[in-house]
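Reading through the structure tokens given below for one structure.
The values are calculated or read from the model by the stated rules, or taken from the named source; none is laboratory data. A quick note: this is a predicted structure, and the numbers were derived from the prediction, not measured. So basically every Cβ, Gly included, is an ideal-geometry build from the backbone, and we count neighbours across all protein chains shown. Heads up: the accessible areas ignore ligands, DNA and RNA and are worked out on the full protein's heavy atoms, side chains in. Shrake-Rupley method; radii C 1.70, N 1.55, O 1.52, S 1.80 Å.
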Amino acid sequence: MAEPVSSDELTQGVKDAQAKFDEGMGAVGDASPYPMLAELRASAAVHRGWPEMGIPPSPADQQQIFSVYSFDAVKAVFTDNKTFSTRCYEAIVRPLQGPTILEMQDPEHALYRKLHEFAFARSSMRRWEAELVRPLVERTIDRFREAKRADLVEEVFMPIPVRVIAALIGLPESDIPEFHRLAIDLLGFHSDMEGALKASAQLKEYFVGILADRRREPKDDMVTVLAESDIDGVTMSDEQIYGFMRNLLPAGAETTSRSTASLAMGLLTHPEQLAAVQADRCLLPQAIEEGIRWETPLLNFMRETTLDVEFHGVDIPKGSTIAVNLGSANHDENRWANSESFDVFRDRKPHIGFGHGAHVCLGMHLARLESTLFFNTLFDRLRGLRLDPDAPPPYVSGTFFRSPQHLKVIWD
């Protein structure tokens, strides 16, 4: 990893990397995909091609692509892991992250998922809350508390999840900004594959040293847990651990940063709901779930059909690519009344923002823990928290990853 430079320069480096990533992913301006997604859902649960990405149906003699938009259809794809396989990720993800459980199929997937679950054990979660996440959140917010104004995206939601992941892996504090920048570059493969591959190689080189160190001298961190995890004599290879670590920051920190920022925007733009959650913290869990439903941080996942199948009235041949839109599923008006609205009081029904089935998000409990600590600490320490009336109104941007890029606030 590069020699550490001053934190100010690195912070700007992370900001620049994030801006480049957002631009490459189409997150320019406040255009929303949801009006188009509503039209697509209204006409059919499953479409040929990938309409919201401007990809038309393929000619019969070429690779076929289909897209899935309704809640029931998206859930069915995630539920049937045999027909709708994740092996399509082998060609996309493996060159960037190495072997990960994302592309594995059962029975291999079930076994290796259990090995990965050692890293997110509930017993560890309780200790992380007390010893790691809570002190980090409180220290970060206290640092700017007296300023009476901040951009919550830049001060809280963007930096803290990265620092949580870095601390869980056991990275030195001085390496975190460079680690963050490389992880963003890795995630930006859609627009800059060469830069992503370079970042991937640098991260692997760095993790080779970390893992070798933990094998020599175990520590109380996630890398050591993964290195020592064992089920009936099956262990994770070094390459699988490097893959896990390169996947962890994009999968964990990026989505948590975005979901918490979007929830904050939902609350701040609905002051009566913000006041209710501040007054009754028992509402916070359902507010967190509503935030993920309302603005799902990562809209699209891919699958590949392993056989010919008729699905929601559409004939899909074996080997087709399936694009599933979680954001569309979470706005399905057949499941939620007034589905486009942010409403922490709505009847509680499970969303699909963390996926579903065998490949459901491994880190969802950590994400919920971080969100809970973020908002309880913000409410406790920043009294009268509200949008800055002198700043431009915030908006959510993006068609693939979505969240507000800025959230400027003041408090008493």
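For the stretch 244-383, what are the per-bin percents of Cα-Cα distances with bins 5 Å wide, up to the bin holding the maximum?
Pair shares across the bins are 2, 9, 17, 20, 18, 13, 9, 6, 3, 2, 1, 0.
First compute the accessible area of the chain with a 1.4 Å probe, then give the percent of it belonging to carbon and sulfur atoms.
Values: 9400 of 18040 Å².
Answer for the chain is 52 percent, counting heavy atoms of protein chains only.
Express the accessible area of the chain per residue in Å², computed with a 1.4 Å probe while the remaining protein chains stay in the model.
Result: 44 Å² of accessible area for each residue.
Between Asp213 and Asp30, what length in nm is gained on full extension when 0.36 nm per residue of separation is reduced by their alpha carbon distance?
The Asp213-Asp30 span can extend by a further 61.3 nm.
Straight-line reach from Lys408: which lysines have a Cα under 18 Å away, not including same-chain ones fewer than 8 places off?
Leaving aside lysines fewer than 8 places away in the same chain, those within reach of Lys408 are Lys15, Lys148.
Quick one: 3J(HN,Hα) in Hz for the stretch 317-326, Karplus 6.51/-1.76/1.60 with θ = phi - 60°, rounded, Gly and Pro as x.
x, 4, x, 6, 8, 10, 9, 9, 9, 5
How much of the DSSP bridge set in the chain is antiparallel, in percent, rounded to the nearest 5?
Among the beta bridges of the chain, antiparallel pairing accounts for roughly 85 percent.
Of Gln62, Gln286, Gln105, which has the largest mean-square fluctuation in a 10 Å C-alpha GNM of the chain?
Highest fluctuation of the listed residues: Gln62.
So, with +1 on the Cβ of K and R and -1 on the Cβ of D and E, and no other charges, what is the size of the charge dipole of the stretch 36-141 about its Cα centre, to the nearest 20 debye?
380 debye
Could you check how many percent of all C-alpha pairs in the chain are farther apart than 32 Å?
Summing the P(r) tail past 32 Å for the chain gives 35 percent.
Please express the shape of the stretch 297-355 as an equivalent ellipsoid: the semi-axes are the square roots of 5 times the eigenvalues of the C-alpha gyration tensor, given largest first in whole angstrom.
Equivalent ellipsoid semi-axes, largest first: 29, 13, 8 Å.
Excluding residues on the same chain fewer than 8 positions from Lys318, give the lysines whose Cα lies under 30 Å from its Cα.
Here the lysines satisfying the reach criterion relative to Lys318 are Lys75, Lys82, Lys114.
Projected onto the charge dipole of the chain (+1 at Lys/Arg Cβ, -1 at Asp/Glu Cβ, origin at the Cα centre), which of Leu182, Pro392, Phe120 gives the Cα projection farthest towards the positive end?
Projecting each Cα onto the dipole axis, the largest value belongs to Phe120.
With +1 assigned to the C-beta of every Lys and Arg and -1 to the C-beta of every Asp and Glu, and no other charges, what is the dipole magnitude of the chain about the Cα centre in debye, to the nearest 20? The partial results should precede the final answer.
Values: 43 positive and 61 negative charges, 142 e Å.
Roughly 680 debye for the chain.
Around Asp388, under 12 Å between beta carbons, what's the net of Lys plus Arg minus Asp minus Glu among the other residues?
+2
Might you work out the accessible area of Asp412 for me, using a 1.4 Å probe with all protein chains in place, and round it to the nearest 10 Å²?
About 110 Å², ignoring ligands and nucleic acids.
Counting each DSSP H run of 4 or more residues in the chain as -39500 (n - 2.57), what helix-only mean residue ellipticity at 222 nm follows after dividing by all residues, to the nearest 500 deg cm²/dmol?
One gets -14500 deg cm²/dmol as the mean residue ellipticity at 222 nm.
Starting from 0 in steps of 5 Å, tell me what percent of the Cα-Cα pairs of the stretch 105-226 lands in each bin.
Each 5 Å bin holds this share of Cα pairs: 2, 9, 14, 17, 19, 19, 12, 6, 2, 1, 0.
I need to check one value: relative contact order of the chain, counting alpha carbon pairs closer than 8 Å and at least 6 residues apart, in percent.
28 percent.
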